[in-house]
1. Check segment A:16-25 and report whether any residue there is in a helix (DSSP H, G or I), surrounded by fewer than 16 Cβ atoms within 10 Å (Cβ to Cβ), modelled with pLDDT of 85 or more and within 14 Å of chain B (Cβ to nearest Cβ).
2. Any idea which of (1) within 11 Å of chain B (Cβ to nearest Cβ); (2) outside any helix (DSSP H, G or I) is the one A:THR74 doesn't satisfy?
3. Can you tell me which residue within segment B:133-162, out of those that are more than 8 Å from chain A (Cβ to nearest Cβ) and aliphatic (A, V, I, L, M), is surrounded by the fewest Cβ atoms within 10 Å (Cβ to Cβ)?
4. Might you check whether a residue that is within 30 Å of B:THR42 (Cβ to Cβ) and of a type in the set (Lys, Arg) occurs anywhere in segment A:144-156?
5. Take the residues in segment A:38-60 that are in contact (Cβ under 8 Å) with a residue 12 or more places away in the chain and surrounded by fewer than 16 Cβ atoms within 10 Å (Cβ to Cβ), then tell me which one is nearest to the other protein chains (Cβ to nearest Cβ).
6. I'd like to know if segment B:227-250 contains one or more residues that are in a helix (DSSP H, G or I), within 13 Å of chain A (Cβ to nearest Cβ) and more than 30 Å from B:ALA69 (Cα to Cα).
7. More than 7 Å from chain A (Cβ to nearest Cβ), of a type in the set (A, V, I, L, M) and more than 18 Å from A:LEU271 (Cβ to Cβ): is that true of B:LEU106 in this structure?
8. For segment A:195-213, check the following and say yes or no: at least one residue is over 30 Å from A:VAL284 (Cβ atoms), more than 10 Å from chain B (Cβ to nearest Cβ) and not basic (Lys, Arg).
Amino acid sequence: MNTTVESDLASAQPAAEKAPVTMRRIRLNWVHVGSYAVLLVLTVLYLGPLLMLLNTALKTLPQFMRDAAGLTATLHLQNFTDAWQKANFPKYMTNSLLYTILATLAYVITAVFVAFPLARRYVKAGNFLYTLFLIALFLPPALIPQFQLILRLGLYNKPLGYILLFLVNPIGIIILVSYIKTIPKELDEAAVIDGCGYFRFVIQILLPLIKPAIATVTVLHAIGIWNDYVLANIYLTSKALYPITRGLIVFQGIYGTNWPVIAAATLMLALPMMVLYLFLQRYVISGFTAGSVRG
Amino acid sequence: MSYYFGRGNSRWIPYLLILPGMLLYFIVALGPSLATAVYSFTDATGITGGAVHWIGLENYREFLTMGMAARDNYAALLRTLKFCFFVSIIQFALGLFVAMLLNQRLKGTKFFRALFFMPVILGVTVISLIWMLFLYPLGGPVEKVVELFGSHLEFLGGQPNEAFACVIFIQIWANMGFTMVIFLAGLQTISDEVIEAARIDGASGWQVFRYVTWPLLTPSVNTNLVLNIIGSLQAWQLFLILIGYRNGTQVLGYVVYAQAFGQVSGSTTANSFRQGYGAAASIVLFVLVLVIGLTTDYFLRRREERLLA
């Protein structure tokens, strides 16, 4: 008796489940179709402008004038060499790289030595100092007094003055502090017992352990400098000091109608960022959103 | 708190090493930020070694009450609110909608997520140039589509309202991915079982969203709303590159920049390097952000308490 009841149940159950499952599958599919339709429209909006950039960069100027939207018939790669030479690209690119690398390096090193004692409360008033970084996001912009400061220090239109502005980033400190807090404190104790000093501990033991946070902060900070236009516009007036962003906008002002060459130049500016983004996407996205997630 | 690294003189090593970063922060960021209020009471200029005088509330009086300039300033203030309203609402809704789409078991969600987030890393320069080209008024792709409807638009070079609308669109395009990523993170904390349970109880798709997903999303809703509102109130860089200083398009953030740092591209009202006046404008914007930000925060908190009760 028992067995028959069980087998009855066993055969009844799948049958009872089957009907709603197939019904739901049909409905879900429609939802999916609709979703894909919306996503397709958005993809056109997000990919379209980029494809237009690539398309234009491969056209000749007369071709662009005749039909701006049409598909390119040529692979006019000369636009890239033109942009490279006429836009003074090698110089601007070197400047951008120099500013980005130097400022990011200096920032990350100083930031680790700020974040570690704050996370561990190794300095007095550590909580208060940390709060000063937290409130930074809600204070008025520092733009004008910053300019007065740089002006009075005699660093206006000097690379050092420009780099100085990028040695600060509260969000980077917040990311580092919260990551260091996940590293057990017993590690500090153990290191001390083995005779390790403070400086050596941070450099040789802590640094390798917080690599993901370092990567996130580095990428976030470097992107900010690489993309800066406004501060370069304010502080660097000599052509020889322009980073690539300002160089490109000035170039666009001069060659306003020659879109094929401008498009080629824009691509060359955007490409390093896109490649970086492709490979370090996880760090990039977590870096940009880290400051906004409430604890 | 216990401290393990050495005693005596070596106790000071953390202080010594924290100093460079801390000093930089005070001198380059925190100090100047607070000093904005001080500068707003002076007639500081951008001239090297120029004298600075205390002029009390003169900058504020001029900004808020004097003739044509004050009228332009109020117009800019109103425009800032308009910009904030459209950008935050559309960006919020679109970001949530796209996050919901990508939270399903679809193929290619990783690709879509990466694509929609990408503008966030491209920066204002590249974004501006890309859209100047895409909105090219002489036969560009968007213009071609507009032509199909027998119409013609100048986009960024058109009437102030037309150019302003374009910047609103581009601002949303550039930042929607950010809102989306935060919503996606929020959606992923909602367990499938809760949704499944609601469905078994017979809730429709809309009811599941209204009574399960939406309340559980509260933390990301609050974060996104506050960030969108504050961010759009302070935004101005796209205006600088996309249109330049043109009457009928400026927002407050741009007025600050234009007054304090001069503006090369054909301006009528912007005098160059009036830093004290610019600082006053900056404080007006700051107060606006503070009032709207705090009000929003207050209502969001009240809502959260109601939901939890």
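1. no
2. Of everything listed in (1) within 11 Å of chain B (Cβ to nearest Cβ); (2) outside any helix (DSSP H, G or I), A:THR74 misses just condition (1).
3. Filtering first and then ranking leaves B:LEU148.
4. Yes, segment A:144-156 contains a residue that is within 30 Å of B:THR42 (Cβ to Cβ) and of a type in the set (Lys, Arg).
5. A:LEU54
6. Yes, segment B:227-250 contains at least one residue that is in a helix (DSSP H, G or I), within 13 Å of chain A (Cβ to nearest Cβ) and more than 30 Å from B:ALA69 (Cα to Cα).
7. When the stated conditions are applied, B:LEU106 does not pass them.
8. There is at least one residue in segment A:195-213 that is over 30 Å from A:VAL284 (Cβ atoms), more than 10 Å from chain B (Cβ to nearest Cβ) and not basic (Lys, Arg).
The values are calculated or read from the model by the stated rules, or taken from the named source; none is laboratory data. Quick caveat: nothing in here was measured; it's all calculated off a predicted structure. Note that we place each Cβ from the backbone using ideal geometry, even for glycine, and neighbour counts take in every protein chain shown.
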